[in-house]
Amino acid sequence: MARAQETYGKKEREKKRLKKREEKAKKKAERQANAKTGSSLEDMLVYVDENGHFTDVPPDPTKKVKVDAESIVLGIPKKEEQEEEDPIRNGKVAFFDTSKGFGFINDSENQEKYFVHVSGLIDEIEENDKVTFELERGMKGMNAVRVKKS
């Protein structure tokens, strides 16, 4: 019968396996040597000081702050009443393509550009016309709707 051949690759794999086993045994021995014997619960506790940092020293009871439970707001704070701004805005048509049916309007107050589609028009518009419009949230941002010449 033929004997199994020991190739170079097999020898190298065996060496690596033995080396890993030795390293694992060394690490296990180190952990056992460094392990604390009889560690108690007090050694494992961590405290938070008045600044929010972790410490192993219990907090000083003289620095304790009394908090009124009713002053803590749970959830979203109520929206404050703010004055309702006029929904109708003024602007100038920067670009409008009648064949494609869309364009852009520059707001006269904040100089922002808003998209306008032919479906949002009340009057027919052309470039450089002064218009009044309202804003609605569209898929890609704010859109000008109910656009009329002013």
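The values are calculated or read from the model by the stated rules, or taken from the named source; none is laboratory data. Given the structure is predicted, the values throughout are model-derived calculations rather than measurements. Glycine also receives a Cβ, built like all others from the backbone with ideal geometry; neighbour counts cover every protein chain displayed. Each accessible area value is taken on the protein alone, full model and side chains, heavy atoms only, with ligands, DNA and RNA left out. Shrake-Rupley method; radii C 1.70, N 1.55, O 1.52, S 1.80 Å.
Structural remarks
- Restricting the GluC sites (Glu not before Pro) of segment 9-53 to loop positions (DSSP other than H, G, I, E, B) with no more than 14 neighbouring Cβ atoms within 10 Å leaves Glu50.
- For the chain, the longest principal axis of the alpha carbon atoms and the long axis of helix 8-34 meet at an angle near 90°.
- Cross-link pairs beyond the 26 Å C-alpha cut-off, checked among Lys78/Lys113; Lys100/Lys130; Lys113/Lys149; Lys100/Lys148; Lys78/Lys148: Lys78/Lys113; Lys78/Lys148
- Inter-probe distance in nm under a simple model that places probes 7 Å from Cα toward Cβ, at Gln32 and Ile76: 6.0 nm
- Gap separating the Cα centres of segment 1-22 and segment 102-138, nearest whole Å: 78 Å
- A cut-off of 5 Å between modelled amide H atoms, ignoring neighbours fewer than 5 places along the same chain, links Ser150 with Lys130, Val131, Thr132.
- Cα lying deepest toward the dipole's positive end in the chain, options Met139, Val67, Leu41, charges on Cβ: Leu41
- Structure-derived Rg and Dmax of the Cα atoms in Å: which label, when the choices are (1) 14.9, 43; (2) 37.4, 105; (3) 16.5, 55: (2)
- The solvent-accessible area of Thr98, taken with every protein chain present and a 1.4 Å probe, is close to 110 Å².
- Each residue of segment 135-150 was assigned a 3J(HN,Hα) from its phi angle through the Karplus curve 6.51 cos²θ - 1.76 cosθ + 1.60 (θ = phi - 60°); the sequence is 9, 9, 6, x, 5, 10, x, 7, 10, 7, 10, 6, 8, 10, 6, 10 Hz, with glycine and proline shown as x.
- Difference of contour (0.36 nm per residue) and Cα-Cα distance, Lys92 to Leu45: 10.2 nm
- Inter-label distance, Arg146 to Ser99: 3.3 nm, where each label sits 7 Å from its Cα along the C-beta direction.
- Solvent accessible area, Å² - Ile125, 1.4 Å probe, full protein context: 10 Å²
- Dipole orientation for the chain: of the candidates Val57, Asn128, Ile88, Val57 has the Cα lying most toward the positive pole (charges on Cβ; Lys, Arg +1; Asp, Glu -1).
- Residue-level accessible surface for Lys26, protein heavy atoms, 1.4 Å, Å²: 130 Å²
- Shape class for segment 37-78, computed from the alpha carbon gyration tensor (a ≥ b ≥ c): prolate, with a/c not under 1.5 and a/b above b/c.
- Order of exposure, largest accessible area first, which applies to Arg17, Arg137 with probe 1.4 Å: Arg137, Arg17
- Cα→Cβ-extended label distance, 7 Å offset, between Lys66 and Glu134, nm: 5.4 nm
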